[in-house]
Amino acid sequence: MIHPDDLPPLRTTPIVEPLTLSAPHEFPFTVHFFSSKTVLLTGMRGHTFEFGDELQITAAIYELSKDRNGQSWLDLIDDTYAQIERWGKVRYARGPWPDALPRVQAGSPEEADLIAREWAEAWKLPTEEGRNEARAALYRKYGSPPQTSRHLGYLPGDAE
């Protein structure tokens, strides 16, 4: 390993430790994302993938993902500890999106919309028994139903 004091004084390129692959890649393979990640898909075109998105990785996409040191973010795909060390969280994983996980991020506006839609669908069921069962299941899943209105009032003599 090179010590920083051993470098020539005008060197501006940082020394980067090479990544170790957990397993060689066999193309194509699928990646799913837990956070935003911009990926170069062709020499001139990239796309930002968000929470819940999936991407089929080909050899060409892998080659485009390499930096000037020949390392790729995909080299960390099977090493959650290395991802946490580098970014503070797991950003992506191999394979399709897990069926057990919702495709919306907890606390996001998309989650609020999903919850509101599910509650609205429960109220639309034709029988009272069906509505009660659906509402009970949603209550167990999410807790109280979302607030449907907000009262913004003014009482004379309040704050002055």
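The values are calculated or read from the model by the stated rules, or taken from the named source; none is laboratory data. No experiment lies behind these values; they were computed from the predicted model shown. FYI the Cβ positions are ideal-geometry reconstructions off the backbone, even for glycines, and counts take in every protein chain you see. In case anyone asks, the SASA skips ligands and DNA or RNA and just uses the protein heavy atoms, side chains included. Shrake-Rupley method; radii C 1.70, N 1.55, O 1.52, S 1.80 Å.
Scan segment 132-160 for residues that are among the acidic types (D, E) and modelled with pLDDT under 95 and the total you get is 2.
Condition test on I61, is it open to solvent by 70 Å² or more (accessible area, probe 1.4 Å), under 28 Å from V31 (Cβ atoms), in a helix (DSSP H, G or I) and of a type in the set (A, V, I, L, M)?
In short, no.
For residues that are small (G, A, S) and open to solvent by less than 50 Å² (accessible area, probe 1.4 Å), scanning just segment 104-131, find the one that is modelled with the lowest pLDDT. Going through the qualifying residues, I end up with S108.
Report yes if W97 is open to solvent by less than 70 Å² (accessible area, probe 1.4 Å) and within 30 Å of P28 (Cα to Cα), otherwise no. If you could, list the steps in order and put the result at the bottom.
Numbers: open to solvent by less than 70 Å² (accessible area, probe 1.4 Å): yes; within 30 Å of P28 (Cα to Cα): yes.
When the stated conditions are applied, W97 passes them.
Listed by position, the helices (runs of 4 or more DSSP H) enclosed by segment 70-156 that each have at least 1 residues that are within 25 Å of V39 (Cα to Cα) are 80-87, 109-123. Here L21 meets each of (1) among the aliphatic types (A, V, I, L, M); (2) within 24 Å of P98 (Cα to Cα); (3) open to solvent by 50 Å² or more (accessible area, probe 1.4 Å); (4) modelled with pLDDT of 90 or more with one exception, condition (4). Could you tell me whether segment 72-81 includes any residue that is farther than 30 Å from E26 by Cα and touching a Phe, Trp or Tyr at 6+ places or on another chain (Cβ under 8 Å)? No; the residues of segment 72-81 include none that is farther than 30 Å from E26 by Cα and touching a Phe, Trp or Tyr at 6+ places or on another chain (Cβ under 8 Å).
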